[in-house]
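For reference, the structure discussed in these notes is given below.
Just so you know, all these numbers are worked out from the coordinates, no wet-lab data involved. Just so you know, these numbers come straight off a predicted model, no measurement behind them. When we count neighbours, we look across all protein chains shown, and the Cβ atoms used for this are built from the backbone with ideal geometry, even at glycine.
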Amino acid sequence: MCASPYRKYYDAAQAAAYQRDREGPASDHRRECGLVRRALDGLGPGARLLDIPCGAGRMSLFLAGLGFDVHAADVSPAMVERARLRLSTMGRAVPVEIQDLEGTTYPDRSFDAVFCFRFFHHLPDDDLRARVARELRRISGGRLLVSYQDSRSVASARRHLQSLLGRPKGRFPLSPRAMREHFEQDGFRLVRDHARLPWFRSLRLLVLERSDYRPRRR
């Protein structure tokens, strides 16, 4: 089995290709927005929310449209540039900056919620996952929303078979239990583990909150 290296940075061409893949006519963008909307229950309008890594800003734009005080960050300058242009063109005053999720410059508990979408399944080993999970917990003062790919799903089983046949492995799914072990620490507890099509599609969205957090109901 050959595993492709973890792609931490995207150049301009890779950023453009990623945006087309995630938002093109054949993408799941609209359905993913529905999943995210369900997971946001309990966060009132105006909550300070960080989208990291924000990529080209597709979810930052969606979250801002729901009335949140959105901040966005990504480690790739090319992604940050695309996100800034897109958000400003759409009239959204969303600050976008370069930050590395292995160690951001934000103070502890900087945000009411931290949103990490379509990223965790790219992390190839537990040491890296632990560093990222620790940083996400540190900067969230209330909620964490972290997507992952379920290793028990039909889609994950198909990708695993393809990797055994020689296809580079670029995604690293985890079980729900393994995800909880990474995030049920430092006072965080599970609220819900959302899935669009359990057992068939691999994408899930884990929602956790601090035990001392008092959410504002919508």
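Of the GluC sites (Glu not before Pro) in the stretch 57-109, the ones in a loop by DSSP (not H, G, I, E or B) with at most 14 other beta carbons within 10 Å are Glu102.
In the elastic network of the chain, a GNM with C-alpha springs shorter than 10 Å, the most mobile of Ala155, Ala13, Ala64 is Ala13. Neighbours of Thr89, meaning other residues whose beta-carbon lies under 15 angstrom from its beta-carbon, give a summed charge of +3 when Lys and Arg score +1 and Asp and Glu score -1.
Taking other C-beta atoms within 10 Å as the exposure proxy, Leu66, Leu144 rank Leu66, Leu144 from fewest upward. Considering only beta bridges that DSSP places wholly inside the chain, some 45 percent are antiparallel.
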